[in-house]
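A short reminder: the numbers here are calculations on the coordinates, not readings from a lab. On a predicted model such as this, the values are computed, not experimentally measured, just so you know. A quick note on method: Cβ atoms are made from the backbone with ideal geometry, for glycine too, and the neighbour counts reach across all protein chains shown.
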There are 2 protein chains.
Amino acid sequence: MRQIFVIALVAAISVLTSAGDPLMYDSIGVRLVRTSLGQNVSYTMLADLCTSIGPRLSGSAEAAKAVEFTKAKMLQFGFANVHTEPVMVPRWVRGKDEAGWYFDGSGARRPLHIAALGGSVGTPKRGITAEIVEVKTWDALKELGTTVKGKIVFFNRSMDRSLPTPGQAYGQAVDQRSRGAIEVARYGAVAALVRSMTTRLDDFPHTGSTHYVDSIPKVPAAAISTNDAETLSALLRSGKSLTIGMRFSSETLPDVESANVMGELVGTMHPEEIIVIGGHLDSWDKGHGAHDDGAGCIHAIEALRLLKELGLQPKRTIRAVMFINEENGLRGGTAYAEAHHPREKHIAAIESDAGGFMPRGFGVSDSAAYQKLVGFTKAFWTLGADHIVRGGGGVDISPLTSRGVPSLGLNVDTQRYFDYHHSGDDTIDKVSEREMAYGSAALALMAYIIAQEGL
Amino acid sequence: MRQIFVIALVAAISVLTSAGDPLMYDSIGVRLVRTSLGQNVSYTMLADLCTSIGPRLSGSAEAAKAVEFTKAKMLQFGFANVHTEPVMVPRWVRGKDEAGWYFDGSGARRPLHIAALGGSVGTPKRGITAEIVEVKTWDALKELGTTVKGKIVFFNRSMDRSLPTPGQAYGQAVDQRSRGAIEVARYGAVAALVRSMTTRLDDFPHTGSTHYVDSIPKVPAAAISTNDAETLSALLRSGKSLTIGMRFSSETLPDVESANVMGELVGTMHPEEIIVIGGHLDSWDKGHGAHDDGAGCIHAIEALRLLKELGLQPKRTIRAVMFINEENGLRGGTAYAEAHHPREKHIAAIESDAGGFMPRGFGVSDSAAYQKLVGFTKAFWTLGADHIVRGGGGVDISPLTSRGVPSLGLNVDTQRYFDYHHSGDDTIDKVSEREMAYGSAALALMAYIIAQEGL
C-alpha cells in the first residue's frame, strides 16, 4: 500500500514538473529573480551606462560609446556570436544655445523651461519673438486659420490624467508634438510650442520627435514644462495678448554610421529558431535615458546572463539585440529586419521599452501566440507578471511584426513612466534596483519558456 | 429569430451584471480609479499632511495636529459620525543633540550617519566612546560573551536582498534592532549599534523601535546607515581595533493624551455591520512619514470619499479609522478593539500600511473570508490588484484579528518600501501621484465588495 502511494506520488510530481508545466516555470522564475535581486547586475550595469556615458542621441559620440559598452558586456558575460552590424542613422543636434522667455503682467522678462523638439529646425540666431495663441484641438486651429500668421501657436491639450494607462493618455495627446509644426505652418504661424507630454505638473520640458513634410515650410517647434504651460494659459485667460520668445540652434547634420549590437545563447535543440529580445540603445539627449530605454537594453543583456548563470540552456536560440535609433528614425529596427528576416527563422521578438519598473505581464501581438502563452499565466505568478494580454510589441521590433513575426512587449508598471520620459528627469536615481532586477527576470522567463515550448 | 436573440442577449447581460458578479465590480473599479486619478485628491491630501505638519511621532504636537487635520478632512467630505476617541500614548523624544563618529585609519574623526532607535535611553551627556565588536548572529554574540564588556556591539547582518519580498528580508533581520539592546547588555556591553534595515546602500539611518526588559540594564541603541555599516566593517576587517562614539539625548517622558480619528459611510441595509478600513496616523520623526503610514491613512479617507463621490452607497457601514501609536505602542489599535468589539459587529478590517505604491492584491487572514474573496479575483483585474492571497492584516487591526474579526491587508508593490522606511528619505517626493490614486481605488473597491456581499 505504502509502495503504491510512493509510486503514485512520484508519478504525480513528474506530471506536475514535466516540460510545459507552468508551476515548474514559476519555480524557475523564482530562481531567476532571486539571482537577479541578489547579484544586482541589472542596476549596476544600467548605472554604469547612465553615469559613465549618459544620454545616447543617435549619431552622437555617446551613442558610439554605448555600442562599445554593450558589446563589451556581452563579451564579458560569454555570450555567443557577439557582434555589431552597421546602420546609418540621422544626426540631429540640439546645439548649445537654447532659451525661452515670456513677458509677465508687469512686462518683466521671465524664463521658460523649454526644449527644442527632436528634428526641429533652429530659430534665427536672435530667436523668434511673437504673440502666442493657445489651442487645444485641431478644429480650433482650423477655425483660427490664417489669423495665426506671424504668431506662435501654443498647443495646450493635457494628457488625460484620469486614464488608468498613461500610455493611452500619451497616445491621445502626442499628435500635438508630432505634427504641430506642420499644421501651424499651413496657416503661416512662425513656430509651434507644445505642452510637455506628462500628467505631472513640474518644471521639466519633455522633448520627443516632431515631423515636417517637404511641401510646407519648416518652422521651429519646442516643448515647455507643464508648469510653464499652466502659467502661459493663465496669463492668456486674462484676455491680454502675450508675447513669448524662443531661441535655439538645433539642426540636422548628415547621416552617421552607427550600429545594432547583438549576442546570443545558442539553442541546444533548434539553434536555427531565433527569439529576439531587446530594447533601443539610443535615447534623447536630456537626462540619462535611464528608463527610456537604457533599462530595456540592460533587461535583455541581463536576461541572457541570468539564464547562463543558472545553467538554463535554451532549446532555441535567444538573441539579445540593442537596436539603434528608435527615437528619431527606426533605422536600427528596420535594418535588423531587412538583414535577418526571412533569412533566419524568427519565432518571436520581445521588446522592453516601457522602463525599468515592476513587470506586470506581456502584450502579445499574435492571436495564436497569445492563445499558447496565456496557458503559461501561472508561470508568471510569483514575478507578478501574470497579466498576459493581447497587445503590441515595441517600435524596434515593429518591422519584424509587420513581416509576421509574433511580437511581445514586456509590460511594466508605467504609472511613473511619463513623469520622466524624454526629459532631464530620466536619470538613474529614478530607477529602483529591485524593480530593474525583476524586469530582467521576467524577460528571461518569457524568453526561456518560448525557447523551450516553441510558439 | 432576431427577437429571441435580443432576449437571450439581454438575459446574458443581466446575468453578467447581477450583484456578486466580479466583472460588474471590475467596471466599478475602473470608475473608482478614473475618479481617483482625475481628481488627484489622494496625493494632494498626503502632500498637505506631509508638508504642513510633517512627521507625527506619538505624543508630539505634530501628531495632535494630524488628528485635527484628518478629522477636518472627514468633516469636509461629509462623512457620518466623525469623531475622535482619546488614547493615552507613550511619549518618546529624540532630543536635539544626536551625533556619531569613528576614527579612521589615520586617526581622524569622521561623522557617522546615526539615529537613536525609538525607545532608546540617551547616552551620558558627553556621549559614549568605546571599541566596537561586529556580530552577525546571536550565536556569535553568545560566543563572545562577556568579552564585549565595556564595548559597543555592532549588529551587521544585512537584509537578504535576494528575497523576492523585501518584507520577508526585514522580518529576518529586524530582531537585531528590536532586541539588540537587551542582548548586548546581558554581557555588559555599553551600547548597541545596528545596521539600518534596508537593502539599499545609502546614507540614511533608519530608526524603529527597540525594546528593553526591566531585569537588564538599559543601554543606548542606535542605527547607522548601510554605507557607514560597510565602512566600519571594512575597517574592522583590517584587524585593528576600532573606536566609535555616539551621543544623543533621547528619553521617554510621561504618557500624553492623543486620539484615534474615525468617520463613516453608514450602510443602507445593515448599518450595524462594520467594515473598518484604516492606517496609522503616527510615524517616526524622520522624513515625512509619507509612505509609513501617511499613505495608508489617506487611502482610507479617499476610499470613503470616492464611494461618496460616485454615489456608491454601501449596504453595510464602512468606517475609516486613523489609528494612533502603531510605531511604538499599538495603543490606538488596542483601544479601538477594546472600545468597539464585541459591542459592535465587525465583519472585516482592512489595513493599508505598506506604502503609497501600486496595489497588487490583498492578504486575507481568515480561511472562509479568503475562500469567498478569491471568487472576486477578476473584480481587481483592471486595478492590477488581483493577487488575493492568504496573509495577514496589519498591526493596527491585529487586536481585532485576535478577537476573530477577518482581517485583510492591502498588498502594494513594496520593492521600494524599505528604501525609505523609518528614515529621513520617507518624504512626499518619493510618492507617485498616480500610484497613490490607485491604492485608494483598490481599497475602496474591496471595502465596497465586502459591504455589498458580506463575508
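Table for the structure above
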read-out	value
Nearest-0.05 FRET efficiency for B:Arg31 and B:Asp202, computed from C-beta distance (R0 60 Å)	0.90
Paramagnetic reach from B:Leu310 (point 7 Å along Cα→Cβ, amide N under 18 Å) across the range B:379-397	B:379-387
Ranked list, fewest to most other Cβ atoms within 10 Å of each Cβ, for A:Trp284, B:Trp138	B:Trp138, A:Trp284
Copy-to-copy label separations for B:Gly95, where each label sits 7 Å from Cα toward Cβ, in nm and ascending	6.3
Trypsin sites (Lys or Arg not before Pro) restricted to DSSP loop in the range B:294-332 with at most 13 other C-beta within 10 Å	none
Alpha carbon Rg of the range B:136-235, scaled by the compact-globule rule 2.2 N^0.38 Å	1.05
Stretch gain in nm, segment A:Met269-A:Val389, where the contour uses 0.36 nm per residue and the Cα spacing is subtracted	40.3 nm
Over the protein assembly as shown - Rg/Rh using Cα atoms and the Kirkwood inverse-distance radius	0.99
Farthest positive-ward along chain A dipole, Cα basis, beta-carbon charges - from A:Pro86, A:Phe69, A:Gly145	A:Gly145
Cα-based convex hull, the range B:260-315, per residue volume (Å³, whole number)	74 Å³
Of A:Gln39, A:Pro124, A:Tyr102, farthest towards positive along the dipole that unit charges on Lys, Arg, Asp, Glu beta carbons give the range A:16-139	A:Pro124
Helix A:226-237 vs. chain A, principal-axis angle (Cα, 0 to 90°, nearest 10)	30 degrees
From phi via Karplus (6.51, -1.76, 1.60), per-residue ³J(HN,Hα) for the range A:438-455 in Hz, x at Gly/Pro	5, x, 4, 5, 5, 5, 4, 5, 5, 4, 5, 4, 5, 4, 7, 9, x, 9
Computed E for B:Thr147/B:Arg110 - FRET, C-beta separation, R0 25 angstrom, nearest 0.05	0.45
For the range A:347-448: rounded, prolate or oblate by the Cα gyration tensor [a/c cutoff 1.5]	oblate
Estimated FRET transfer efficiency (B:Lys378, B:Ala61; beta-carbon r; R0 35 Å; 0.05)	0.15
Inter-chain shielding of B:34-40 (mean C-beta neighbours from other protein chains, 10 Å cut-off)	4
Restraint check, A:Lys218/A:Lys430; B:Lys149/B:Lys218; B:Lys65/B:Lys430, Cα-Cα greater than 25 Å	A:Lys218/A:Lys430
Given charges at beta-carbon only (K, R positive; D, E negative), |dipole| of the protein assembly as shown in Debye	120 debye
Residue exposure sequence - A:Glu134, B:Glu131 - by fewest surrounding Cβ within 10 Å	B:Glu131, A:Glu134
Residues B:Lys151, A:Lys430, B:Lys96 arranged by fewest to most Cβ contacts within 10 Å	B:Lys96, A:Lys430, B:Lys151
Among B:Leu312, A:Ser402, B:His288 - extreme Cα towards positive end, dipole of the protein assembly as shown, charges at beta-carbon	B:His288
The range B:206-352 - charge dipole about Cα centre, Lys and Arg +1 at Cβ, Asp and Glu -1, debye rounded to 20	260 debye
Qualifying trypsin sites (Lys or Arg not before Pro) in the range A:334-396, DSSP loop, other Cβ atoms within 10 Å at most 10	A:Arg343
Virtual spin-label span in nm between B:Gln168 and B:Arg186, 7 Å along Cα→Cβ	2.8 nm
Check: the range A:23-112 dipole with +1 on Lys, Arg Cβ and -1 on Asp, Glu Cβ, in debye	60 debye
Size-normalised alpha-carbon gyration radius of the range B:264-368, reference 2.2 N^0.38 Å	1.11
Relative contact order of the range A:375-455, pairs being alpha-carbon contacts under 8 Å that are 6 or more residues apart, as %	23 percent
Chain B: angle of helix B:175-186 to the longest principal axis, Cα-based, in degrees nearest 10	30 degrees
Principal-axis tilt of helix B:331-340 within chain B, Cα atoms, nearest 10 degrees	30 degrees
For chain B, radius of gyration divided by Kirkwood radius, i.e. Rg to Rh on alpha-carbons	1.05
Fraction of beta bridges assigned by DSSP in the range A:147-271 that are antiparallel (%, nearest 5)	0 percent
Long-range HN-HN contacts of A:Leu112 with modeled amide H, under 5 Å	A:Gly100, A:Trp101, A:Tyr102
Estimated [θ] at 222 nm from DSSP helical runs (n ≥ 4, -39500 (n - 2.57)) normalised by residues in chain A, nearest 500	-10500 deg cm²/dmol
Residues whose placed amide H lies under 5 Å from that of A:His387, excluding near-sequence neighbours	A:Gly361, A:Phe362
Extension gain from A:Leu75 to A:Asp21, taking 0.36 nm per residue of separation minus the Cα-Cα distance	16.1 nm
Inter-copy separations for B:Thr137, label at 7 Å along Cα-Cβ, nm, ascending	7.1
Loop trypsin sites (Lys or Arg not before Pro), the range B:222-278 (other Cβ atoms within 10 Å of the site Cβ: 11 or fewer; DSSP)	B:Lys240
For the range A:75-215, alpha-carbon Rg relative to the globular expectation (2.2 N^0.38 Å, N residues)	1.29
A:Asp214 versus B:Leu253: modelled label distance in nm, points set 7 Å from Cα along the beta carbon direction	7.9 nm
Ascending list, in nanometres, of distances separating the A:Thr84 label from those of the other copies (7 Å, Cα toward Cβ)	6.6
DSSP bridge orientation in the protein assembly as shown - percent antiparallel, rounded to nearest 5	50 percent
